[in-house]
Amino acid sequence: MVVCESLRKWPPAVTTDRQVSKDFIIEPVKPGEKKLLLEKGAVCWLPVFAIHNDARFYPNPEKFDPERFSEENKHKINPSVYIPFGYGPRNCIGSRFALLEGKLLLSYILKNFEVVKTGKTKIPVVLDKTQINLASEGGMWLGFKKF
Ligand code: HEM
C-alpha cells in the first residue's frame, strides 16, 4: 500500500507518450470547449503526474494516504488513472521486477536501520521546480541509524 501510494504521489515517469495511429476527435466536455483533432502521426504526451494528482480521481491528492490501496479501497481506482508503469500493451516491461526490487530494498533497510530526520531533511518533501523529472529540492537527505 505504501509503495503503491508513493508511486501515485511521486511517479518516477512524470509523462509517457503515444503516437496517434488514426485521426481521433476528443469531443468537448465543458461549455465553450472546442473539438480537439488528434491527427494521425502526431505524438501526444500523457501527463502521468497530473492524472495522479487530479482530485476527481484521488480526493485530497496532496495527502499521502496508503489506505487508498487497501483491500477495501483499491477496486475503486480506475486502472487507467493509476499509471506509474504506463498502460496497455506497451506498458513497462520491468514493472514486476522494479516492484520486487524496491520492496526487497525497503525491507532490508527497515530491518537494519531506523530512518531518522537529519538537519537537511525536508518534511514535507519540496519538489525541485528546475527539473523535468521529480526531484527533491536540495537532494533527498535521510539518516540511517543502525539497530
Ligand atoms: C520504479 C521503476 C520503474 C518505473 C516507474 C517505470 C516506468 C515506466 C513507464 C511509465 C514506461 C512507459 C509505459 C507506457 O508508456 O505505457 C516504461 C516502459 C518501459 N520500461 Fe519501465 N519503469 C520502471 C522500471 C523498469 C525496469 C526495472 C525495467 C527493466 C528491467 C524497465 C523496462 C522498461 C521497458 C523496456 C519499457 C518500454 C516498454 C515498451 O515500449 O514496450 N522499467 N517504464
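The values are calculated or read from the model by the stated rules, or taken from the named source; none is laboratory data. Remember, predicted model here, so these are calculated numbers, not experimental data. We place every Cβ from the backbone using ideal geometry, glycine too, and count neighbours over all the protein chains shown. Surface areas here come from the heavy atoms of the whole protein model, side chains and all, with no ligands, DNA or RNA. Shrake-Rupley method; radii C 1.70, N 1.55, O 1.52, S 1.80 Å.
Some observations on this one:
- Residues that are more than 15 Å from residue 140 (Cβ to Cβ), more than 13 Å from the ligand (Cβ to nearest atom) and either out of contact with any Lys or Arg (no Cβ under 7 Å at 6 or more places or on another chain) or β-branched (Val, Ile, Thr) (or both) within region 95-115 comprise 107, 108, 110, 111, listed in sequence order.
- Flag for residue 22 being open to solvent by 100 Å² or more (accessible area, probe 1.4 Å) and in contact with a Lys or Arg (Cβ under 8 Å, 6 or more places away or on another chain): yes
- Pairs where the first residue, in region 28-54, is more than 19 Å from residue 90 (Cα to Cα) and the second is surrounded by 12 or more Cβ atoms within 10 Å (Cβ to Cβ), C-beta under 6 Å, 6+ apart: 38/20; 38/24; 52/8; 52/11; 53/61
- Residue within region 94-102 that is part of a loop (DSSP other than H, G, I, E, B) and open to solvent by 60 Å² or more (accessible area, probe 1.4 Å) present: no
- Scope region 1-19; condition part of a strand (DSSP E or B) and either more than 16 Å from the ligand (Cβ to nearest atom) or open to solvent by 90 Å² or more (accessible area, probe 1.4 Å) (or both); matching residues: 19
- The condition (being within 16 Å of the ligand (Cβ to nearest atom) and outside any helix (DSSP H, G or I)) is satisfied by just one residue among 85, 49, 64: 85.
- Among residues of region 89-102 that are within 14 Å of residue 11 (Cα to Cα) and among the hydrophobic types (A, V, I, L, M, F, W, C), those with a beta-carbon under 8 Å from a residue that is open to solvent by less than 100 Å² (accessible area, probe 1.4 Å) and more than 6 Å from the ligand (Cβ to nearest atom) at least six positions away or on a different chain give the pairs 99/3.
- Scanning region 65-84 for residues that are in contact (Cβ under 8 Å) with a residue 40 or more places away in the chain and surrounded by 15 or more Cβ atoms within 10 Å (Cβ to Cβ) yields 65, 68, 69, 82, 83, 84.
- Flag for residue 125 being more than 16 Å from the ligand (Cβ to nearest atom) and in a loop (DSSP other than H, G, I, E, B): yes
- The one condition in (1) surrounded by fewer than 11 Cβ atoms within 10 Å (Cβ to Cβ); (2) within 16 Å of the ligand (Cβ to nearest atom); (3) more than 22 Å from residue 47 (Cα to Cα) that residue 118 fails to fulfil: (2)
- Residue check, residue 123 of a type in the set (A, V, I, L, M) and open to solvent by less than 100 Å² (accessible area, probe 1.4 Å): no
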